[in-house]
1. Can you order the peptides 64-73, 128-137, 86-95 by their average number of other Cβ atoms within 10 Å per residue, highest first?
2. Does region 33-142 classify as rounded, prolate or oblate by the C-alpha gyration tensor (a ≥ b ≥ c root eigenvalues; a/c under 1.5 gives rounded; else a/b over b/c gives prolate, otherwise oblate)?
3. Report the FRET efficiency, 1/(1 + (r/R0)^6), for Leu45 and Val105, where r is their Cβ-Cβ distance and R0 is 30 Å, rounded to 0.05.
4. Which value, in Å², gives the accessible area per residue of region 46-142 when a 1.4 Å probe is used on the protein heavy atoms?
5. Relative contact order (percent) for region 73-133, with alpha-carbon contacts under 8 angstrom and 6 or more residues of separation?
6. Convert each backbone phi in region 68-85 into a coupling constant with the Karplus relation 6.51 cos²θ - 1.76 cosθ + 1.60 (shift: θ = phi - 60°), then list the ³J(HN,Hα) values in order as whole Hz, x for Gly and Pro.
7. Would you rank Leu124, Leu140 by solvent-accessible area, highest first, keeping every protein chain in place and using a 1.4 Å probe?
8. Sort Asp4, Asp120 by heavy-atom solvent-accessible area, probe 1.4 angstrom, most to least.
Amino acid sequence: RPLDLQARALAIQEASGRTDGLMRPAEWKRLVGRTAFAHHERLVLSEFVAKAHGQHLGQQLLRGTALLGVCFFSASGSHAAGEAGMHAVGALLVGAVTGLGGGTVNNVMVGATPVGWMRDTAFLKAALLAGLLGFYAWPLVE
């Protein structure tokens, strides 16, 4: 893969001490090894932080609140679709889009792909279950 601008600037800086503008093979190996090591170190640290971060109570509460919000929006969307005369499958689709759509658009806009409900299918399952309940159970309660 080609070098990014930062790596090119670093290579130029490292080679600036020579008059011919070229790097010796030993210098190139040292530069590439240092860059690769820094990149690998960043990846390992970010994976560790992500794993450790997900185990905290606050993160679990945040995930539970997000699931609850998806369920409420999905149930209300499928209920509204049912009231408008849609059949169960169409209302379920409208409910799932209502419950998951906002987060999906947000993730795509910030470049966090794959989106949340594709990484963690519990959100999709919760949206579908809440959509079924919103379509069938909500009219019985009213």
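1. Numbers: 64-73: 16.0, 128-137: 20.5, 86-95: 18.3.
Those peptides, ordered most packed to least, come out 128-137, 86-95, 64-73.
2. prolate
3. Numbers: r = 30 Å, r/R0 = 1.00.
Using R0 = 30 Å, I get an efficiency of 0.50.
4. Counting only protein heavy atoms, the per-residue value for region 46-142 is 66 Å².
5. Computed over region 73-133, the figure is 43 percent.
6. Whole-Hz 3J(HN,Hα) from phi for region 68-85: 4, x, 4, 5, 4, 5, 5, 5, 5, x, 5, 5, 5, 5, x, 5, 7, x.
7. Result of the area sort, largest leading: Leu140, Leu124.
8. Final ranking, largest accessible area leading: Asp4, Asp120.
The values are calculated or read from the model by the stated rules, or taken from the named source; none is laboratory data. Bear in mind the structure is a predicted one, so any value in this text is a computation, not a measurement. Neighbour counts run over all protein chains shown; Cβ positions are idealised from the backbone, glycine included. The area values use the complete protein model at the heavy-atom level, side chains included, leaving out ligands, DNA and RNA. Shrake-Rupley method; radii C 1.70, N 1.55, O 1.52, S 1.80 Å.
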